[in-house]
Every structure is written in C-alpha cells, then in structure tokens.
Amino acid sequence: MKDINWLKENYLNFLREKQENFKRSIEDLQKQECVDEANLEKVRLNIVEIFYKMFNISLSDNPMALRERYLGFFDKITEPWHINKEKALEFGKEKEVIIEDIKIQEAEELKNRFKEYYNQLDIN
C-alpha cells in the first residue's frame, strides 16, 4: 500500500538524484571548458533546488493538501517564465528564450513526476 510517506520518500529521492546528476554534469562540463553548457545545467539544477524547497514547504499529512499546495507553486513560479519567454521571442533574444524554455521544461518534468507518484497513492 502506497501512502503519503511513500510519496514523500520517493519524490524527494527523485529530486535529490536529479540534483546530484546535474552537479556531476556541471563539474564534467566545466572540466571540458564547456562554459555555456555548464551554465545551462546550472539553470536546470536551480529549478530542481527551487521545487525541492517548495515540496518541503508544501509537506502535509493530507495528500490532497500537499498536492494542491505543491502544484500551486508550479503555476505561481513558472508564470513569469512564460511571460519572459514571450517578451524574449518578441525582441529576438534567442539566449533568453532558450533559458526560459529550459526552466519551463524542467519544471514540467518535475510536476509530471510528482503527479505520477501522487496517482499511485492509495487514497480512501
């Protein structure tokens, strides 16, 4: 039976693994002097760190409260990114578009993974 503790443990492990993978990747890219690529990985790492914190802030023994609170952060946090991306597209700022895209994609992946774990819970 998968309960709220299973969700917390597995999702936090997923986030920690992503953080460690990005840190290793950044280190490897820096050793290879791939500065731009390392910086993009830093952006991804930052997004994972933000949502790691938001998950901990959202923690509750009530699965529905946790879900509502945590998923709410995705809307609040990513809304300005979508706006920034549109502005960057409008003004032809390719680098900014890429960065906003990466932030949005990373957040979407985290959100989808959370939903996958949440949907496996036995909630009666």
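The values are calculated or read from the model by the stated rules, or taken from the named source; none is laboratory data. Everything numeric in this text was worked out from a predicted model, so none of it was measured. Cβ sites come from the backbone with ideal geometry, for glycine too, and all protein chains shown count toward neighbours. Surface areas here come from the heavy atoms of the whole protein model, side chains and all, with no ligands, DNA or RNA. Shrake-Rupley method; radii C 1.70, N 1.55, O 1.52, S 1.80 Å.
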> In the range 27-54, what count of residues is obtained for those that are open to solvent by less than 80 Å² (accessible area, probe 1.4 Å) and farther than 21 Å from GLU17 by Cα?
Replying inline: 1
> So which residues in the range 66-75 are surrounded by 13 or more Cβ atoms within 10 Å (Cβ to Cβ) and either touching a Lys or Arg at 6+ places or on another chain (Cβ under 6 Å) or not hydroxyl-bearing (Ser, Thr, Tyr) (or both), if there are any at all?
Replying inline: LEU66, ARG67, ARG69, LEU71, PHE73, PHE74
>> Just to be sure before I move on: is ILE57 without any contact (Cβ under 8 Å) to a residue 60 or more places away in the chain, open to solvent by 80 Å² or more (accessible area, probe 1.4 Å) and β-branched (Val, Ile, Thr) in the structure I sent?
In response: yes
>> Looking at the range 3-15, can you tell me whether even one residue there is touching an Asp or Glu at 6+ places or on another chain (Cβ under 8 Å), under 21 Å from ILE123 (Cβ atoms) and exposed (fewer than 15 other Cβ atoms within 10 Å of the Cβ)?
In response: yes
> Within the range 76-113, which residues are more than 10 Å from the chain's Cα centre (by Cα), within 18 Å of SER58 (Cα to Cα) and either touching a residue at least 60 places away in the same chain (Cβ under 8 Å) or open to solvent by 60 Å² or more (accessible area, probe 1.4 Å) (or both)?
Replying inline: LYS76
